[in-house]
1. Would you be able to tell me the number of residues in segment 376-393 that are in a loop (DSSP other than H, G, I, E, B) and touching a strand residue (DSSP E or B) at 6+ places or on another chain (Cβ under 9 Å)?
2. Within segment 254-269, can you find the residues that are under 19 Å from residue 45 (Cα atoms) and either at pLDDT below 50 or touching a strand residue (DSSP E or B) at 6+ places or on another chain (Cβ under 6 Å) (or both)?
3. Inspect segment 26-36 for any residue being surrounded by fewer than 19 Cβ atoms within 10 Å (Cβ to Cβ), at pLDDT 90 or above, assigned to a loop (DSSP other than H, G, I, E, B) and more than 19 Å from the chain's Cα centre (by Cα) and give the result as yes or no.
4. Only one of these conditions is not met by residue 324: (1) surrounded by fewer than 19 Cβ atoms within 10 Å (Cβ to Cβ); (2) more than 18 Å from residue 53 (Cβ to Cβ). Which number is it?
5. Any idea which residue in segment 401-419 is farthest from residue 317 (Cα to Cα), counting only those that are assigned to a helix (DSSP H, G or I) and touching a strand residue (DSSP E or B) at 6+ places or on another chain (Cβ under 9 Å)?
6. If only one of 388, 414 is assigned by TED's automatic domain parsing to the domain that holds residue 308, surrounded by 15 or more Cβ atoms within 10 Å (Cβ to Cβ), under 30 Å from residue 237 (Cβ atoms) and modelled with pLDDT under 95, which one is it?
7. Does residue 380 satisfy the criteria of being under 17 Å from the mean Cα position of the chain (by Cα) and buried (at least 19 other Cβ atoms within 10 Å of the Cβ)?
8. For segment 64-77, what are the residues that are surrounded by fewer than 18 Cβ atoms within 10 Å (Cβ to Cβ) and in contact with a helix residue (DSSP H, G or I) (Cβ under 8 Å, 6 or more places away or on another chain)?
């Protein structure tokens, strides 16, 4: 059924594209092609149920491939070799051959994404309709040249991805619980093993030294009633209990757990799929691109920058999570305050400090504010298809603050984890915002940002 839905979605895109055909090098889409590529990848990520760190890695490499292919030999293109960690691509593609930038990007993106996801049928169905459209509308030599460039870029990006320690960490031993008071342990209802305990060893894209992101010491663990740590838990307890309909809506809107448990049938826990938190922020970037009428080139950069920032923020976040190894509110509250209490959201299967959603919000919003300025009002309608209403924001910063605070409403994080998570995200975003992709632009191009 999902395969048929994917194919139908791709077919609709095909007919929409046909209605906007102009000439062999014109845009084939009502909006930017990179939007459709990321929408399709989002669908694959949702089907696969990837955790946020793994999803972030997938988005980053796919959008890096898109950027490199679309901007190949393009004046003003930011040269990423020597900027990204250990990135030195050798495309070996003749610079004098005519090619179509859209189709080269299309090929590079999907061939990269194809090796990073599990349910490749989702991407296959998209390729069938769109590739045929390019074949029909491009000259044979331009089609062949564009495909060859896209493949050359994809091959280099895939090669680059294989050196980030992801594959090595697949064979590392299962995480062993510390057993010390105040440390993380699996939470109900899944009681699963820790997710990606070695993610802090993955090579980041732009962070030069991950050890420079050390967090302030957390409030010491204490079970004494009236102690600072006890009161911290009481705050979460009451925030979730008193959240009301609006607080619950906020928590659910930003959740993004790839497979949140939502119902028990005897001993079986049922789950449902929803939009990954990084995919959510990429979709916000898409909305802002449309509102500001960004060109294809500018939109490609937006996706790439948000992808890099969020992927790097989660590497930093996960390193700190497992080094600090702090107990979750759900565990503490059930043990020392109210054994029948359940949070609004399912507690993720990894340590508490800092908050991953807050790291994502801080990094994504930092990049988007650098690109679009703020206040920039917008409507976040990304969750409508998952059964949640749209939310209106007066600024990007307001959306980021609400995303971070949603984890306290949801009952899965303490306030310090949210605060420090946002700060980590902003620091990661600043690594991009310092140069703002401007070093290789003309003054006119720089003014536009």
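1. 5
2. Answer for segment 254-269, where residues must be under 19 Å from residue 45 (Cα atoms) and either at pLDDT below 50 or touching a strand residue (DSSP E or B) at 6+ places or on another chain (Cβ under 6 Å) (or both): 259, 261.
3. no
4. Single failed check for residue 324: (2).
5. Result: 402.
6. Of the residues listed, the single one that is assigned by TED's automatic domain parsing to the domain that holds residue 308, surrounded by 15 or more Cβ atoms within 10 Å (Cβ to Cβ), under 30 Å from residue 237 (Cβ atoms) and modelled with pLDDT under 95 is 388.
7. Here the answer is yes, as residue 380 does meet what is asked.
8. Matches in segment 64-77: 74, 76.
The values are calculated or read from the model by the stated rules, or taken from the named source; none is laboratory data. Predicted, not measured: the structure shown is a model, and the values here were computed from it. Neighbour counts run over all protein chains shown; Cβ positions are idealised from the backbone, glycine included.
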